[in-house]
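So the structure is just underneath, and the comments pick up after that.
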Amino acid sequence: MRHYAILRLLLAGFFLYIAWPVMPDAVIQEAVLFWGVWLGFLLLVVGANFATLLQMTDPPVMEQEGAETRERA
C-alpha cells in the first residue's frame, strides 16, 4: 500500500505550499510558537511516511494486506 504513503506526502506538501507564505507574517510569540509546532508535526508526518515508503517500518494495521480469509461454518 505504498500509494497511501505517497498520497499523504503529497497532502503534506500541499499544506506546506499553502502555509509557507503566511509563516513570515508571524510577529507575536504565540504565532511563532504555533508555526514551530506545526512545522515539527509536519516533519514527523513526512518522516513517518518516508519510513513507510522506504519499508523501514511496517505500514499501519489497516493498510496491511490481509491474506487471511475467514471460512464460514
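The values are calculated or read from the model by the stated rules, or taken from the named source; none is laboratory data. Small disclaimer: the values here were computed from a predicted structure and weren't measured. So basically every Cβ, Gly included, is an ideal-geometry build from the backbone, and we count neighbours across all protein chains shown. Note: areas computed on protein heavy atoms with side chains; ligands, DNA, RNA excluded. Shrake-Rupley method; radii C 1.70, N 1.55, O 1.52, S 1.80 Å.
Relative to the dominant Cα principal axis of the chain, helix 29-53 is inclined by about 30°.
Counting only protein heavy atoms and a probe of 1.4 Å, the accessible surface of the chain is 67% carbon and sulfur.
Given an 8 Å cut-off on Cα distances and at least 6 residues of separation, report the relative contact order of the chain as a percent. Reported relative contact order: 52 percent.
For the stretch 4-15, backbone phi angles converted through the Karplus equation (6.51, -1.76, 1.60; θ = phi - 60°) give residue-by-residue couplings of 5, 5, 5, 5, 5, 5, 5, 5, 5, x, 5, 4 Hz, Gly and Pro being listed as x. For Phe50 and Met23, what is the calculated FRET efficiency with R₀ set at 30 Å and r taken between the beta-carbons, to the nearest 0.05? The value I calculate is 0.85.
With only Cα atoms counted, the chain has Rg and Dmax values of 17.8, 66 Å.
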